[in-house]
1. Can you tell me which residues in region 105-143 are surrounded by 16 or more Cβ atoms within 10 Å (Cβ to Cβ) and part of a helix (DSSP H, G or I)?
2. Has region 89-103 got any residue that is closer than 24 Å to Glu46 by Cα and open to solvent by less than 40 Å² (accessible area, probe 1.4 Å)?
3. Within region 49-67, can one find any residue that is under 30 Å from Glu134 (Cβ atoms) and open to solvent by 20 Å² or more (accessible area, probe 1.4 Å)?
4. Regarding Gly32, is this residue open to solvent by less than 100 Å² (accessible area, probe 1.4 Å), at positive phi and at pLDDT 85 or above?
Amino acid sequence: MKSRRHKMIREIIEQKNIETQYQLTRELIKHGLSVTQATISRDIKELGLVKVASGDNSFRYGFSPGLTTVNTLDRAKRMLRDNLLRVDLCRGFIVLKTLPGTAQGVGFCIDGLGWKEICGCIAGDDTILVIAAEEAEPAELADRLREMMV
């Protein structure tokens, strides 16, 4: 039952803009699945769904770009273009400002690129600290991230 529900959730998320757990619950019920909000909440966590920008200052459920290896660079560019507001340098660290609620998804996506110049990212709600590797030049890395925003 769970695998059938997860498959159905994936299909719904890919086909429709689902903004709330309530909308997702209604869609599953339309497809003959009886679910509770608590079940949906667990499924969202297990499937790794995140809120992604969908235009007009709204967000919908989607898959974190870092979870797939298909078109990782293209997905990262899209994620940065849609959610990244600013790239700053501060004492050798790279600080990224994102739309509220999107920093963790963007950070996960950047980590998923596997760039040897990046040790890792620490993300909050709308801010990401990118830690450059010792041999990397933070200013060049910041420029590279800015280029992905365009």
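1. Of everything in region 105-143, those that are surrounded by 16 or more Cβ atoms within 10 Å (Cβ to Cβ) and part of a helix (DSSP H, G or I) turn out to be Gly105, Val106, Gly107, Phe108, Cys109, Ile110, Asp111, Gly112, Pro138, Leu141, Ala142.
2. Checked against the condition, which is being closer than 24 Å to Glu46 by Cα and open to solvent by less than 40 Å² (accessible area, probe 1.4 Å), region 89-103 yields at least one hit.
3. Initial filter on region 49-67 (under 30 Å from Glu134 (Cβ atoms)): 64-67.
With open to solvent by 20 Å² or more (accessible area, probe 1.4 Å) added as a condition, the list becomes 66-67.
Checked against the condition, which is being under 30 Å from Glu134 (Cβ atoms) and open to solvent by 20 Å² or more (accessible area, probe 1.4 Å), region 49-67 yields at least one hit.
4. Working: open to solvent by less than 100 Å² (accessible area, probe 1.4 Å): yes; at positive phi: yes; at pLDDT 85 or above: yes.
Yes: the conditions hold for Gly32.
The values are calculated or read from the model by the stated rules, or taken from the named source; none is laboratory data. Everything numeric in this text was worked out from a predicted model, so none of it was measured. Reconstructed Cβ throughout: ideal geometry from the backbone, glycine too, with neighbour counts over all protein chains shown. For the accessible areas, the whole protein counts, side chains as well, though only heavy atoms, and no ligand, DNA or RNA atoms are used. Shrake-Rupley method; radii C 1.70, N 1.55, O 1.52, S 1.80 Å.
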